[in-house]
Amino acid sequence: MSGSKYEYVKKYELPDPLMLGTYMVFRLDGHSFHRYVSDMIDWDLHDTTVCFRFSDEHEFIKPNDLRALELMDRAAKALMEEYPDIVLAFGESDEYSFLLRKSTSLYNRRQAKIVSTLTSLFTSNYVFHWPKYFPEKPLQYPPSFDGRIVLYPTVKEVKDYFAWRQADTHINNLYNTTFWALVQQGGQTTTEAHATLRETVSKDKNEILFSRFGINYNEIIPRYRKGSVFVRTEIEDNVVVNSDNQNQPAKEHTEEKVEVDSDNQGEPKEHIEDEQKSARELVLKKRLERKEKKKKTKNPPTKLELLHCDVIKDEFWAKYPQILEE
Ligand code: ATP
Ligand code: ATP
Ligand code: MG
Ligand code: MG
Ligand code: MG
Ligand code: MG
């Protein structure tokens, strides 16, 4: 197909490959999910500049709305089902991080293609599944997420990346849990609660929670304290998988050249219909066998596990060595 005289504009598109032999971490984050104005402004003032944002508009329960977190997990699972090269994911609040295996050739490692497609698929799943998690609260407006990819050269940075996110989860959750206890149970205004917590360290917050509100921080559900961790593990042969689309789809997203199937070229020339039929069936059967074999070696069947475990200690990486394999 020859192009038009306008086609030269295509040449202005620049390649944006992500370096080979590096780990890709894709992170997305909800756009303006928290209150727009600073929490320092007292709600009671009814300041006209107060501008509500997603979590307020949709009445997220503070400090942790379980429905919202489960919806994030649902969208993350959809991404991992669609992209077998995502081997690990970590979620907290309105963000999720995904690790792609080192040797991935997803979309020929084109940055914009990967970031835009993954961000868009996550967002559409978030919207698609919204009514199941918020049956009483229809979406007030279409939410959006930002997305980015950061490349890491070695396993050290990859481990430290996930440790960084989980440490962040802990710091935020301890702060938010104490803050909202002071407001909801302690009767403080948000300004007062901020003031109470100013210059406190973790130990002080644990103490406030325990002595004033009888809350033992370590007994708060792990999902809130540790975030969500999806790991992809291989299914052993002959193990029957129990439904709930745990199996990854066979779909390939690489832009490899499609191999021409030679069996497909000629039709049997016999006149007898039966013979034609059985020959065709044999061809189809062989093709299917080849496909299955290819699938097995390239993409062995896997399942996704949702955990709320520690990813900072080395035990996690020792338990799932396949995550950091090529
Ligand atoms: P940006 O657009 O820059 O990401 P943002 O307003 O989304 O800004 P974040 O730093 O991403 O700010 O913070 C997200 C905020 O959304 C949290 O601080 C919290 O207030 C709210 N939020 C997200 N998920 C939940 C949840 N499950 N339960 C309660 N609040 C939540
Ligand atoms: P890629 O994922 O690389 O974009 P693609 O399969 O989406 O691949 P495009 O080059 O974007 O390929 O082509 C989009 C195709 O979608 C069109 O060629 C056409 O077949 C189909 N399509 C899109 N919009 C319409 C429409 N409104 N009516 C009918 N067909 C459409
Ligand atoms: Mg942010
Ligand atoms: Mg956000
Ligand atoms: Mg965030
Ligand atoms: Mg297209």
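Some points to look at:
- In this label model, Arg110 and Asp16 are separated by 1.1 nm, measuring between points 7 Å along each Cα→Cβ vector.
- Residues whose amide H comes within less than 5 Å of that of Phe145, counting only those at least five positions distant or on another chain, are His31 (H built at 1.01 Å from N in the peptide plane).
- Highest mean first, the peptides 114-124, 82-92 sorted by other C-beta atoms within 10 Å per residue fall in the order 82-92, 114-124.
- Pairs of alpha carbons in the stretch 140-194 separated by more than 16 Å make up 65% of all such pairs.
- For the stretch 53-157: rounded, prolate or oblate by the Cα gyration tensor [a/c cutoff 1.5]: prolate
- Taking a ≥ b ≥ c as the square roots of the Cα gyration tensor eigenvalues, the stretch 115-213 comes out oblate, since a/c reaches at least 1.5 and a/b does not exceed b/c.
- Protection proxy ranking of 164-176, 223-235, 278-290, by the mean of other Cβ atoms within 10 Å over each peptide's residues and highest first, is 223-235, 164-176, 278-290.
Every read-out reported here was derived from the displayed coordinates using simple, explicitly stated rules and does not represent laboratory data. Quick caveat: nothing in here was measured; it's all calculated off a predicted structure. Every residue, glycine among them, receives a Cβ derived from its backbone with ideal geometry; neighbour counts consider all protein chains shown.
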